[in-house]
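Beneath this line is the structure, given in structure tokens, with notes to follow.
Coordinate-derived values only; no laboratory data. This structure is a prediction, so every number in the text was calculated from the model and none was measured. Note that we place each Cβ from the backbone using ideal geometry, even for glycine, and neighbour counts take in every protein chain shown.
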Amino acid sequence: MPITHLPLNKSASSDPWEDFANVFRRGQLPLPQGWAEVFGPLRKGAVDDLVIVGQIGQSLDGRIATESGHSKYINGPAGLVHLHRLRALVDAVIVGVGTAIADDPQLTVRQVSGPQPARVVIDPNGRLCASARVFADDGVRRLLVTSEGTRGRAPAGVEIIALPEVDGKISPSAILLALAGCGMRRMLIEGGANTVSRFLAAGCLDRLHVMVAPIILGAGGPGLILPPLERADQASRMPVRVHKIDDDVLFDCDLSDQRVALGVAKKSM
Ligand SMILES: NC(=O)c1ccc[n+]([C@@H]2O[C@H](COP(=O)([O-])OP(=O)(O)OC[C@H]3O[C@@H](n4cnc5c(N)ncnc54)[C@H](OP(=O)(O)O)[C@@H]3O)[C@@H](O)[C@H]2O)c1
């Protein structure tokens, strides 16, 4: 399996990342060298015109947080830059309410240049308070996905998407279709484990970026939570590309074979 080494930093005189991201968004010209290997697969959907990427930053022993829920920062600085590059290339960043409460993330692009994606929280029971940083009124679209009949506590200006629950869960496909209806084409499911796992189990991811840091946490939350298997040979296996990002190793998993068709036709720009 070939391992590529990605460029880490902006050059002093110009910003090759900005050039790359501009070409990426325009969608017609071939991508310049540099990040094409890792971000090229996110340019166009393999199954339909939506591109859905999940991400997990985990330790060598497969944990995304300590037992107390602390996860800043499992990955090194270059891994964090990679996450911000992902954010800069998508229309929307989606997190579960567990992450919004535990980490109070801003979900903005700060480590690289690029436009700010819309911020989406899935909070079926209205648990997130109005002062959460994802709801900050900074000119960026903010959306709350909740269950029908739930009275959320989102501040004015936050768009509410109320969807039905089936067996206590909102269907990930229904969430993506609703967001596509709001103009989102490329979407990043940024965490946590519970949320990424639901999208994965529902066949709603095109790619999964697993960024492995050379640390051992020993205990704490797992990266994915899926139904148990009887035997190891029943495990799902997928094509992967592997990239070395400073001390971290990125497994870019191609899930297009198991991705359900969501059927929306308009490209992200
Ligand atoms: N290392 C990393 O890459 C990374 C990234 C993000 C977060 N984290 C860590 O992960 C932990 C939080 O993860 P988590 O797994 O506990 O929580 P989470 O995935 O952030 O949020 C899970 C909750 O979101 C709601 N939800 C998500 N999808 C839903 C759906 N399809 N239908 C209905 N509800 C849905 C549910 O809320 P209800 O509970 O109200 O039903 C669910 O319990 C924190 O410790 C955080 O620091 C790590």
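Per the Kirkwood treatment, what hydrodynamic radius in Å, one decimal, follows for segment 38-89 from the mean inverse distance over all distinct Cα pairs?
Values: mean 1/r = 0.0776 Å⁻¹.
With all distinct Cα pairs of segment 38-89 included, I get 12.9 Å.
For segment 1-160, what log10 I(q)/I(0) values come out of the Debye formula at q = 0.13 1/Å, with one point per alpha carbon and no solvent?
-0.73
Highest GNM mean-square fluctuation, the chain, Cα pairs closer than 10 Å: which of MET211, MET187, MET238?
Result: MET238 has the largest fluctuation of those listed.
What percent do you get for the relative contact order of the chain when only Cα pairs under 8 Å and 6+ apart count? Intermediate results must be reported in sequence, preceding the final value.
On the way: 535 pairs, mean separation 78.3, N = 269.
That works out to 29 percent.
Report Rg(Cα)/(2.2 N^0.38 Å) for segment 47-118, keeping two decimals.
Working: Rg = 13.1 Å, N = 72, 2.2 N^0.38 = 11.2 Å.
Ratio of Cα Rg to 2.2 N^0.38 Å: 1.17.
What does a probe at CYS182 reach in segment 101-116, counting residues whose amide N is under 19 Å from the point 7 Å along Cα→Cβ?
Within reach of a label on CYS182: 101, 104-109, 115-116.
Express the C-alpha Rg of segment 10-66 as a ratio against the empirical globular expectation 2.2 N^0.38 Å, rounded to two decimals. Please report the intermediate quantities before stating the final value.
Details: Rg = 15.1 Å, N = 57, 2.2 N^0.38 = 10.2 Å.
For segment 10-66, the normalised Cα radius of gyration comes out at 1.48.
If packing is taken as the mean number of other Cβ atoms within 10 Å per residue, what is the order of 48-55, 146-153, 223-230, highest first? Intermediate values should be presented prior to the final figure.
Working: 48-55: 22.6, 146-153: 14.9, 223-230: 11.6.
The packing order, highest mean first, is 48-55, 146-153, 223-230.
Could you tell me the relative contact order of segment 115-269? Use alpha-carbon pairs under 8 Å, at least six residues apart, and round to a whole percent.
Working: 199 pairs, mean separation 27.7, N = 155.
Rounded, it is 18 percent for segment 115-269.
Comparing PRO30, PRO214, PRO115, which has the greatest mean-square fluctuation in the GNM of the chain with Cα pairs linked when under 10 Å apart?
Among PRO30, PRO214, PRO115, the largest mean-square fluctuation in the Gaussian network model of the chain belongs to PRO30.
Round to the nearest 0.05 the FRET efficiency obtained for SER171 and SER14 when R0 = 45 Å and r is the Cβ-Cβ distance.
0.50
Residue farthest toward the positive end of the dipole of the chain, with Cβ of Lys/Arg at +1 and Asp/Glu at -1: which of HIS209, SER197, TRP35?
TRP35
What is the magnitude of the charge dipole of the chain about its Cα centre, with +1 placed on the Cβ of each Lys and Arg, -1 on the Cβ of each Asp and Glu, and no other charges, expressed in debye to the nearest 20? Let's see the in-between values first.
On the way: 29 positive and 28 negative charges, 106 e Å.
Dipole of the chain, to the nearest 20 debye: 520 debye.
Per the helix-only calculation at 222 nm, which mean residue ellipticity applies to the chain, given -39500 (n - 2.57) for every DSSP H run of n ≥ 4 and division by its residues, nearest 500 deg cm²/dmol? Don't jump to the answer; show the numbers that get you there.
On the way: 6 runs with 54 residues, N = 269.
So the helix-based figure for the chain works out to -5500 deg cm²/dmol.
Using the C-alpha atoms of the chain, what convex hull volume per residue, in cubic angstrom, is computed? It would help to have the intermediate numbers written out before the result.
Details: hull volume 37.0 nm³, N = 269.
About 138 Å³ per residue, rounded to a whole number.
Across the chain, how many lysine pairs, 8 or more positions apart or on different chains, have C-alpha atoms separated by under 21 Å? Please give the number.
Numbers: LYS10/LYS244; LYS44/LYS266; LYS44/LYS267; LYS72/LYS244.
The number of close lysine pairs in the chain is 4.
What area, in nm² and to one decimal, does the C-alpha convex hull of segment 157-246 cast on average over all directions? Don't skip to the answer; put the middle values down first.
Details: hull surface 37.2 nm².
Here the figure is 9.3 nm², rounded to one decimal.
State the answer as a single residue: which of LEU179, LEU255, ILE245 lies farthest towards the positive end of the charge dipole of segment 171-269, with beta carbon charges of +1 for Lys and Arg and -1 for Asp and Glu, about the Cα centre.
LEU179
Given ILE64, VAL95, HIS82, which one lies farthest toward the positive end of the charge dipole of segment 62-105, if we put +1 on the Cβ of every Lys and Arg and -1 on the Cβ of every Asp and Glu?
HIS82
If you build a Gaussian network model of the chain, linking Cα atoms that sit under 10 Å apart, which residue out of LEU42, LEU188, LEU60 swings the most?
LEU60
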